[in-house]
Every structure is written in C-alpha cells, then in structure tokens.
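First up is the structure itself, then whatever we jot down about it.
The values are calculated or read from the model by the stated rules, or taken from the named source; none is laboratory data. Since the model is a prediction, treat every value here as computed from it, not as a measurement. All Cβ positions, glycine included, derive from the backbone under ideal geometry; neighbour counts span all protein chains shown.
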Amino acid sequence: MIETRLKQHADTLNTALGNMLDVRREQTADRLWQAMRYSLLAGGKRVRPAIMLECFAACGGEAEILPAAMSIECMHTYSLIHDDLPCMDDDDLRRGRPTCHKHFDEATAILAADALQALSFELLGDQSAAADIRLELISKLAAASGASGMVGGQMLDMLAEAETITDVAQVRHIHALKTGALLRYCCEAGALLANADSNRIDACSRYGQAVGLLFQIADDMLDATASSEQLGKSAGKDAAQHKATYVSLLGLARTREYAEQTHAEALEAAAILGEHGSILKNFATYILERRQ
C-alpha cells in the first residue's frame, strides 16, 4: 500500500517538476537547463516531498502544496549533485546512471546544483499560503539545509573517521544534521501548511526527527549489505573511506536493533495524530525495511 502511495506521489511530482522546468527553459542557458533537468528528473522515490504531503494530509490539509513539495526536491537534488563531486564523495553513479558531473562536467554540475538550491526558495515564495507561513518555511528550510543542518552535517561526516569516533551519540548528531534536518523540515512544513495546532506540529516534528535518523541508519545498513545494482549508486563506500557509521561502531545486528528502536519512536509520534497517522506509521516501516 505504501509503495503505491509513494508511486502516486512520485508520478505527481515528476509531472509537476517537468512542467515547472519547462516554464523556465527560455530564461535558462540550455546546458544549465539540461543539467538541472537531468538530475532533478533522474527518478528516485521522492521520499521527502511524499512525507511532506502525508504530514499535510494527516493534519487535515486540503489545499494544493505542490510548490513546497517541489521545493524540497530541488534542495535535495542540489545536495546530491554536490555530494557526488570528486572533491566530496567522488561518485560516478547515481540512481543507476552517470552522476551529473560525469554526464556533463564539474563546472556545469556545480552551477546546476546552485541553480536548484536557489529555485527551492523561489518555489516556496510561490506557495499559496499566508505570508507569515511562507516566511517561516523559508527560514526553516534555510536552517535545515545550511550550516546548522544538512551542510553542517556533511562537513562533520567528511571529517568523521571510524578511527577517531567511537561514540554512537556523535554519529547520531552528524546524521541528525546531514539527513535528519531536511526530513524533519518536511514534516513540520506539512503541518504548518495545514494550519495544524501546536500539538500536531510537535508530533510531526518528533516524527520527522525519528524518521530522519531511521533513514540514515537504514542507509548505513544498505551500504554494508546491498550491491551497487540494488542501490543504484556505489555500494561499500563508507567502509572504503573509513567513515564512522552505525555499522562500523555497532555491527549489523546491533544497528538493526537501534533501527527498530528509532522506528518505535516514529510510531509513537505518529500515534498522536490518531487514525490520520496510520499512513505515517506505514511510511516509517517502509523506511526501516527498504532495500534500496
């Protein structure tokens, strides 16, 4: 059921993203536009916009929030392009095909990522919502994606080596920023756009925090166990680069236990939303059990 809902969200997002880029084609240098389109429409589960839409629905939202959903996918895609660069993770494969800098060149990839980051804020400005809500979303997205969020986590992750980090709390902090901050933002944004009360906003925030960590724990397990063909990207890179991960510190069995504990935290938060939180519970289980 959850995979069907994910596909429905992905299909809707893919169409909307394609149309959104088409509108901007005449105002964008063709090579830049091609690179943006290549990366933004490369596929993927669209987990981040999907979770935003589900939190929006769970909090009783009924309006159209596609601009906000597209915004987070632009921000996420920018981060992936930069992640794959030779100066970062140096990856040749993303979602089963050459990474942006391999298909085009490094300079074009960097500029495409920069353009997508800026576009994410432009789309939030286009969202139909009260001005104070749009302002809050822009502020929250900037914090979640910047030095106190995703980018800060990426910096810490680059510096984290298994030989120097021995505390799981340190790894949890890195991942709470690198992966968790944007996922938590998605959940809070869905609740804010639904004009939810403070209890529901808090529940969505707690849910997002748990799911954000769960997503990264599952990623660590997959990197250690899945093939490159299954992942659509290079497998085993964490170990090759001597990264500190849950698996390197705890081993697979204890990492799985930690994932189940985090999964339980997500379910507890979703339960506060009553029957409307059932899809969010299924979503958390999907993240725990995903195979790619």
In the range 125-142, anything within 17 Å of Leu183 (Cβ to Cβ) and touching a residue at least 24 places away in the same chain (Cβ under 8 Å) is listed as Leu137, Lys140, Leu141
Query raised in the report: Hey, does the range 55-74 have a residue that's under 30 Å from Met155 (Cβ atoms), of a type outside the set (Gly, Ala, Ser), assigned to a helix (DSSP H, G or I) and without any contact (Cβ under 8 Å) to a residue 40 or more places away in the chain?
Result: no
Per the filter on the range 75-107, residues over 21 Å from the mean Cα position of the chain (by Cα) and free of Cβ contacts under 8 Å to residues at least 24 places away in the same chain are Pro86, Cys87, Lys102, Asp105, Glu106, Ala107
Apart from one, (1) crowded, with 20+ Cβ neighbours inside 10 Å; (2) modelled with pLDDT of 90 or more all hold for Lys243; the odd one out is (2)
Those residues of the range 83-97 that are surrounded by fewer than 17 Cβ atoms within 10 Å (Cβ to Cβ), part of a loop (DSSP other than H, G, I, E, B) and charged (D, E, K, R) come to a total of 3
Scanning the range 1-38 for residues that are closer than 17 Å to Ile81 by Cα and in contact with a Lys or Arg (Cβ under 8 Å, 6 or more places away or on another chain) gives Trp33
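Quick grid of which residues meet (1) closer than 25 Å to Pro67 by Cα; (2) out of contact with any Phe, Trp or Tyr (no Cβ under 6 Å at 6 or more places or on another chain); (3) at pLDDT below 95:
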site	(1), (2), (3)
Leu80	yes, yes, no
Arg97	no, yes, yes
Ala109	yes, yes, no
Gln117	yes, no, no
Phe121	yes, yes, no
Arg134	yes, yes, no
Ala144	yes, no, no
Ile165	no, yes, yes
Checking Ala181, Ala147, Ala129 in turn, the sole residue that is within 17 Å of the chain's Cα centre (by Cα) and part of a loop (DSSP other than H, G, I, E, B) turns out to be Ala147
Just one listed residue, out of Asp219, Asp238, is under 15 Å from Asp89 (Cβ atoms) and at pLDDT 85 or above, and it is Asp219
